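Before any comments, here is the structure.
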Amino acid sequence: MKRLLHGIDVSNWQGRVDWAAHARAGVAFAFAKATEGGDFTDKHFARNWEGMRENWIVCGAYHFARPKGDAAEQAHHFLRVLKEAGGLRRGDLVALDLETNDGLRPERVARHARRWCRHVERHAGIRPIVYTFPAFARGGHCAGLGDHPLWIADPDRPRGRPATPGPWREWTIHQYDHKPLDRNIFLGSRQGLTRLGYDPR
């Protein structure tokens, strides 16, 4: 039977996060919002990145996509903020939060996301995880992203049994609850999760 890893995700809305308390409560991995669009930086990101690292929580950083903007510019902004916060170490995770279309057609949203992911992979050597929700993916906004690990937001389904929308055939992380904060699970070991992350080799 696979092991269950518990995780959370946070942004500036949570304010100061007590990472030591979360680690004691069994949180094994976490994602913190780093950037949004081409110029927004989450004011708590650097502190969150350090807090996760200090408490031996698998570190994840995510970018909130604004498809109307330039994908390469947004990817560059994300990587710059990540570097300023201390950069990537072995096993660290990155994710693209894809949940708004900015009024664009699905194929344009998907193209933006693919370009962002390609830019990050080319310049940082890490394949991003894609965060989205079932209806958004079913609408065609995630076309061509099926080779990226799926982080699916589906709090209406039982924990560990989310819907898996196309283009994916399986999910990797399930965000199963939003209250009082976003809670996630990964089916597998810590080693299995960090294999999806940064490898300096």
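Taking the conditions exactly as written (modelled with pLDDT of 95 or more, outside any loop (DSSP other than H, G, I, E, B) and of a type outside the set (K, R)), does A143 satisfy them or not? Step through it out loud before you land on a result.
On the way: modelled with pLDDT of 95 or more: yes; outside any loop (DSSP other than H, G, I, E, B): no; of a type outside the set (K, R): yes.
The answer is no for A143.
Within the range 67-89, is there a residue that is at pLDDT 95 or above, in contact with a Phe, Trp or Tyr (Cβ under 9 Å, 6 or more places away or on another chain), within 21 Å of D177 (Cβ to Cβ) and open to solvent by 20 Å² or more (accessible area, probe 1.4 Å)?
no
For the range 150-166, indicate whether the set of residues that are charged (D, E, K, R), under 21 Å from F40 (Cα atoms) and at pLDDT 95 or above is non-empty. So that I can check it myself, show each step before the final result.
So the first thing to find is which residues in the range 150-166 are charged (D, E, K, R), and the list is 154, 156-157, 159, 161.
Imposing the further condition that a residue be under 21 Å from F40 (Cα atoms) reduces the set to none.
No: zero hits.
So, in the range 90-110, how many residues would count as being in contact with a Pro (Cβ under 7 Å, 6 or more places away or on another chain), part of a loop (DSSP other than H, G, I, E, B) and either without any contact (Cβ under 8 Å) to a residue 12 or more places away in the chain or open to solvent by less than 40 Å² (accessible area, probe 1.4 Å) (or both)? I'd like the intermediate steps shown before the answer.
Going residue by residue through the range 90-110, those that are in contact with a Pro (Cβ under 7 Å, 6 or more places away or on another chain) are 90, 94-96, 101-102, 104, 108-109.
The next check asks that each one be part of a loop (DSSP other than H, G, I, E, B); those that pass are 90, 101-102, 104.
With either without any contact (Cβ under 8 Å) to a residue 12 or more places away in the chain or open to solvent by less than 40 Å² (accessible area, probe 1.4 Å) (or both) added as a condition, the list becomes 102, 104.
So the answer is 2.
In the range 139-153, what residues are without any contact (Cβ under 8 Å) to a residue 24 or more places away in the chain and open to solvent by 40 Å² or more (accessible area, probe 1.4 Å)? Before you say what the answer is, go through the steps one by one.
The first filter runs over the range 139-153 and keeps only residues without any contact (Cβ under 8 Å) to a residue 24 or more places away in the chain, leaving 146-147, 150, 152.
Residue satisfying the conditions is D147 alone.
Among the residues of the range 157-201, what is the count of those that are over 16 Å from D9 (Cα atoms) and hydrophobic (A, V, I, L, M, F, W, C)?
5
Would you check which residues across the range 1-57 are aromatic (F, W, Y), loosely packed, with under 14 Cβ neighbours inside 10 Å and under 20 Å from Q175 (Cβ atoms) and list them?
Quick first cut of the range 1-57, residues aromatic (F, W, Y) only: 13, 19, 29, 31, 40, 45, 49, 56.
So of that shortlist, the ones also loosely packed, with under 14 Cβ neighbours inside 10 Å come out as 13, 56.
The answer is W13, and nothing else.
Please go through the range 180-194 and give me each residue that is more than 17 Å from Y62 (Cα to Cα) and either touching a residue at least 60 places away in the same chain (Cβ under 8 Å) or open to solvent by less than 20 Å² (accessible area, probe 1.4 Å) (or both), ordered by number. Lay out the reasoning, then the answer.
Let us first name the residues in the range 180-194 that are more than 17 Å from Y62 (Cα to Cα), namely 180, 187-192.
L187, G188, S189, R190, G192 - these are the residues of the range 180-194 that are more than 17 Å from Y62 (Cα to Cα) and either touching a residue at least 60 places away in the same chain (Cβ under 8 Å) or open to solvent by less than 20 Å² (accessible area, probe 1.4 Å) (or both).
Evaluate the range 11-27: report whether one residue or more is in a helix (DSSP H, G or I) and under 14 Å from the mean Cα position of the chain (by Cα). Break it down into steps so the answer makes sense when it comes.
If we filter the range 11-27 for residues that are in a helix (DSSP H, G or I), which is where we start, we get 12-14, 19-24.
Still in the list and also under 14 Å from the mean Cα position of the chain (by Cα): none.
Checked the range 11-27: no residue is in a helix (DSSP H, G or I) and under 14 Å from the mean Cα position of the chain (by Cα).
Could you list, ordered by first residue, the pairs with Cβ atoms under 7 Å in which the first is in the range 11-28 and under 24 Å from F64 (Cα atoms) and the second is open to solvent by 40 Å² or more (accessible area, probe 1.4 Å) and of a type in the set (K, R), at least 6 apart or interchain?
N12/K43; A28/R190
Looking at the range 154-179 only, could you name the residues that are assigned to a loop (DSSP other than H, G, I, E, B) and open to solvent by less than 40 Å² (accessible area, probe 1.4 Å)?
First pass over the range 154-179, keeping only residues assigned to a loop (DSSP other than H, G, I, E, B): 154-172, 178-179.
Residues satisfying the conditions are D154, G160, P162, A163, P165, W168, T172.
May I ask you to list the residues in the range 125-138 that are open to solvent by 20 Å² or more (accessible area, probe 1.4 Å) and in a helix (DSSP H, G or I)? Give the steps one after another, and end with the answer.
Let us first name the residues in the range 125-138 that are open to solvent by 20 Å² or more (accessible area, probe 1.4 Å), namely 125, 127, 131, 133, 135, 138.
Passing the criteria: A135, R138.
The values are calculated or read from the model by the stated rules, or taken from the named source; none is laboratory data. Model, not experiment: these values are computed from the prediction. We place every Cβ from the backbone using ideal geometry, glycine too, and count neighbours over all the protein chains shown. Accessible surface is based on the protein model in full, side chains and every heavy atom, while ligands, DNA and RNA are left aside. Shrake-Rupley method; radii C 1.70, N 1.55, O 1.52, S 1.80 Å.
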